[in-house]
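Just below is one structure, and these are the notes that go with it.
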Amino acid sequence: MRWAIISNVKIIVIDDDKLVRNFLVTTLEYSVNRDILTFDNGFSAWVYINKPEPLDLIFSDANIPEIDGIKLLSQIKKKYPKKKYILMSGNPAHEKIANQLGADAFLAKPFTVYDIFDIVQKFVVEGESTT
Amino acid sequence: MQKFGAHTHNIREMDMDDIFLSRLKLLVIMAKAFLDGCPLGENRCRAILENARHMESEAVILGSLLSKFKQDSISTGAMDFDHLFYQRVKLLAAMVKAFAQAHPLGSHRRKSLQDNLDIICRIMMFKGEFVRRQFLEVA
């Protein structure tokens, strides 16, 4: 049996909706058994992302204050094209925009535990995340 | 770009019911994984405790809302059923907290945990969804 190996992955979650953010963080923390960093606005997240710290995976809601998730996606993909960005939204129109801007995944709300597990499988276990 | 989550025609913002149901499924997965011998670890324990505490308080809030409603009207079988369900969720949360805090289990508690899980899964019609994920088998 091939064992799944979880690397020392660094994940951040950006969402100002505390209920959704906490649920996502709990599920991710349980899945990968690592600390998850959180932000409730795009500006603080952008400041952190610009630090020379390893960062593998970014989950961001589209509607966040300061710098919204779509603008943040655009900025990150221009400056750090290898960082993996997953845009979350309850607006179907954001899917096309996310695709155009180079998002690695679109997480449509409402999402479930299994959707998060699938993302962990794809981007963490199968080694598609890179710094 | 990969897509996850709701189908396009079902996309909407998440509400409290979505969160409650998802967290309940996560609680069930956490309990089943533990019973199956999946390893814990510091972060995992913290996540388990956070989820269990959240569900415990949500179950109390929902249960007390039902109790208040009961006082104001004639009790029906359906409301008693709901009340019992929320008590079972609260019990599951307490059971999950116990193993996350490394309290001793024993065969009777293990059976009680399994029985409570089975009943909750039956009520919620969680059937065969809990396919084991390999990444839960490593810490």
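Taking each DSSP H run with n ≥ 4 as -39500 (n - 2.57) and averaging over every residue of chain A yields -11500 deg cm²/dmol at 222 nm. Taking amide H as placed 1.01 Å from N in the peptide plane, the amide H of A:T38 sits under 5 Å from that of A:V13, each at least 5 places away or on another chain.
Distance between the 7 Å Cα→Cβ label points at A:S7 and B:M125: 4.2 nm. Taking a sphere under 10 Å around the Cβ of B:A139 and counting the other residues whose Cβ falls inside, with K and R at +1 and D and E at -1, yields a net charge of -1.
Shown for B:M14, B:M55, B:M125, A:M88: other C-beta atoms within 10 Å of each C-beta, ranked fewest to most, produce the order B:M125, B:M14, B:M55, A:M88. Less than 5 angstrom separates the built amide H of A:I64 from those of A:G69, all sequence-distant by 5 or more or on a different chain. Computed from backbone phi with θ = phi - 60° and the Karplus coefficients 6.51, -1.76 and 1.60, the 3J(HN,Hα) list for the range B:106-114 is x, 5, 5, 5, 4, 5, 4, 4, 4 Hz; x is used for glycine and proline. The label point for B:Q101 and the one for B:R53, both projected 7 Å from the Cα toward the Cβ, are 1.1 nm apart. Among the listed pairs A:K122/B:K3; A:K84/B:K25; A:K18/A:K79, a Cα-Cα separation exceeding 21 Å is found for A:K84/B:K25; A:K18/A:K79. Using all pairs of distinct alpha-carbon atoms, the Kirkwood hydrodynamic radius of the protein assembly as shown works out to 19.7 angstrom. Working note: Karplus 6.51/-1.76/1.60 with θ = phi - 60° gives the range A:49-56 the couplings 4, 7, 6, x, 10, x, 8, 9 Hz, where Gly and Pro are set to x.
Note that the range A:107-123 has calculated 3J(HN,Hα) couplings of 9, 7, 8, x, 10, 10, 4, 5, 5, 5, 4, 4, 5, 4, 4, 6, 9 Hz, one per residue in order, obtained from phi through the Karplus relation 6.51 cos²θ - 1.76 cosθ + 1.60 (θ = phi - 60°); glycine and proline are x. Distances between placed amide hydrogens fall under 5 Å for A:Y85 paired with A:I58, A:D104, A:A105, all partners being 5 or more residues away or on another chain.
Rule-based calculations on the coordinates, nothing more; no lab input. Worth saying up front: this structure is predicted, and the values here are computed from it rather than measured. Cβ coordinates were reconstructed from backbone atoms using ideal geometry, including for glycine residues, and neighbour counts include every protein chain displayed.
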